[in-house]
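K.L.:
One structure follows; several queries about it will come next.
The values are calculated or read from the model by the stated rules, or taken from the named source; none is laboratory data. Keep in mind that what you see is a predicted model, and the values were worked out from it rather than measured. Counting neighbours? That spans all protein chains shown, and the Cβs are built from the backbone with ideal geometry, glycine included. Surface areas here come from the heavy atoms of the whole protein model, side chains and all, with no ligands, DNA or RNA. Shrake-Rupley method; radii C 1.70, N 1.55, O 1.52, S 1.80 Å.
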Amino acid sequence: MSPTILLTGGAGYIGSHTFVALVEAGYTPVILDNFSNSHPAVLDRLARITGMTPVCERGDVLDTPWVQSVVTRHTPAAVVHFAGVKAVGESVAQPLKYYRQNVGGSLSLLQAIESAVDAGAAPLPAFVFSSTATVYGDPDEVPVRESAPLRPSSPYAQTKLTVEEMLGCAVVARPAWRVGVLRYFNPVGAHASGLIGEDPSGIPNNLMPFVSQVAVGRRERLSVFGNDYPTPDGTGIRDYIHVQDLAEGHVAAVRALLAGQPGFTLNLGTGKGSSVLDVVHAFERACGRPVPYQVAPRRPGDVAEYFADPARARELLGWQARRGLDEMCADSWRWQSGNPAGYAGA
Ligand code: UFG
């Protein structure tokens, strides 16, 4: 029997790629999603990639009784919790939305699981939580290790850290609960088929989707936010990780927890930093056309440089990122050029 893995937010960018990686690894993923920031067309794409029609429970993690019924019906061996909101700027403007969706949503999910388990309707599942490298804020040193000081600098980052702390308390109360926290660096790229990828609504906040929309002609030019940082070319440095590597990191985390590994908190990154201009130039190589840009003022809240120390993930999970920046850009371009309007054009 192939273990069932429940993916909240499984229709989203990272969730959909993890769906594919789990199927390839022999698991049976089930999607739970309210499609507030994803598109139902992804389900058909997942069917084309995997050859199986995804099972999808449509609803909200905040609906605790309904989530309990989902857990009871599917009795997952593990739950991977992606569902949440993730725009840093929006979180400053609407912090309560972030507390409700991210903290409230996680609380609701955990209570639903506990109720199903305590009712004897489901075994205690392993739990994997989508966290973020921004819990470190502006790091004192790079590469950033998991033991670095935690200084969330936005309500978004604060809500992720709050959930990490809540999970820590839940494990103290129920030591049998195996929980893996994954702190992502900058996920980019797309599945090599070009059938699924990142599809932000409105103007993209993040670099890679913006660059790809410029390349495909949806936007005129990129604004490079600052070229006077203390970095070799003056632009910000980040640890971009291919979303398929990230997805495989989740599979490794699930596998480790199901094999009895106690809980962990791990960075998922490549350990390599790339500047904004490195990304622009790699993308130009991938798409074979220029990506026009202009230098603009620094974006408030941005830090000069951060990248992961991914050694602990390698030791504990036997996982490491394999794909480089050129592959990330080539796959982003395949997705963007094949789907210029994202899933809406599907
Ligand atoms: N950048 C630009 N122009 C843009 C967008 C970004 O120059 O139009 C620069 C930024 O200044 C930064 C780099 O590109 O130097 C990366 O910016 P992103 O917005 O892509 O990524 P961040 O490191 O700011 O954000 C990351 C993740 C987000 C996550 C955030 C907080 O990519 O998904 O951390 O966790 F929300």
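K.L.:
Identify all lysines with a Cα-Cα distance to Lys160 below 16 Å; exclude those on the same chain that are fewer than 8 residues away in sequence.
P.N.:
Partners within reach: Lys86, Lys97.
K.L.:
Another question, if that's okay. For segment 201-294, what's the relative contact order in percent, using C-alpha pairs closer than 8 Å and at least 6 residues apart?
P.N.:
Reported as a whole number, the value is 39 percent.
K.L.:
Express the accessible area of the chain per residue in Å², computed with a 1.4 Å probe while the remaining protein chains stay in the model. Don't jump to the answer; show the numbers that get you there.
P.N.:
Numbers: 14250 Å² over 346 residues.
Here the per-residue accessible area is 41 Å².
K.L.:
Within the chain, what whole-number % of the accessible surface is contributed by carbon and sulfur, with the 1.4 Å probe and all protein chains included in the calculation?
P.N.:
Carbon and sulfur atoms account for 51 percent of the accessible area of the chain.
K.L.:
Just to confirm the number: angle between the C-alpha axis of helix 41-50 and the first principal axis of the chain, 0 to 90 degrees, nearest 10?
P.N.:
80
K.L.:
Using alpha-carbon positions, what is the distance between the centroids of segment 232-300 and segment 160-178, in Å?
P.N.:
The distance from the Cα centre of segment 232-300 to that of segment 160-178 comes to 27 Å.
K.L.:
Roughly how many Å is it from the Cα centre of segment 70-117 to that of segment 196-220, as a whole number?
P.N.:
27
K.L.:
Could you give the size of the charge dipole of segment 9-149 about its Cα centre, using +1 on the Cβ of each K and R and -1 on the Cβ of each D and E, expressed in debye and rounded to the nearest 20?
P.N.:
Here segment 9-149 has a charge dipole of around 360 debye.
K.L.:
At 7 Å along Cα-to-Cβ for each site, give me the label-to-label distance between Ala121 and Asp63 in nm.
P.N.:
Distance between the two pseudo-spin positions: 1.4 nm.
K.L.:
Remind me, relative contact order of the chain in percent, using alpha carbon pairs under 8 angstrom and six or more residues apart?
P.N.:
Reported as a whole number, the value is 19 percent.
K.L.:
Also, I was wondering about something else. Looking at Leu258, Ala286, Gly236, which one has the Cα that reaches farthest to the positive end of the dipole of segment 194-290 (charges on Cβ: Lys, Arg +1; Asp, Glu -1)?
P.N.:
Ala286
K.L.:
Quick check for me: using +1 on Lys/Arg Cβ and -1 on Asp/Glu Cβ, what's the dipole size of the chain about its Cα centre, in debye to the nearest 20?
P.N.:
That gives the chain a dipole magnitude of about 360 debye.
K.L.:
Please work out how much length the chain gains when fully extended from Gln294 to Glu315, using 0.36 nm per residue of separation minus the C-alpha to C-alpha distance, in nm with one decimal.
P.N.:
Result: 3.4 nm gained on full extension.
K.L.:
Using only Cα atoms and rounding to the nearest 10 degrees, what angle (0 to 90) does helix 64-74 make with the longest principal axis of the chain?
P.N.:
Here the helix axis deviates by roughly 80 degrees.
K.L.:
Classify segment 298-346: rounded, prolate or oblate, from the alpha-carbon gyration tensor (a ≥ b ≥ c, eigenvalue square roots; a/c under 1.5 rounded; otherwise prolate if a/b is larger than b/c)?
P.N.:
Since a/c reaches 1.5 but b/c is at least a/b, the shape of segment 298-346 is classed as oblate.
K.L.:
As I understand it, the value is the acute angle between the Cα axis of helix 13-24 and the longest principal axis of the Cα atoms of the chain; what does it come to in degrees, rounded to 10?
P.N.:
Approximately 60 degrees, to the nearest ten.
K.L.:
May I ask you to compute the full-extension gain from Arg73 to Glu220, defined as 0.36 nm times their residue separation minus their alpha-carbon distance, rounded to one decimal in nm?
P.N.:
Full-extension gain reported as 48.0 nm.
K.L.:
More than 32 Å apart: what percent of Cα pairs in the chain qualify?
P.N.:
Values: 15388 of 59685 pairs.
I get 26 percent for the Cα pairs in the chain exceeding 32 Å.
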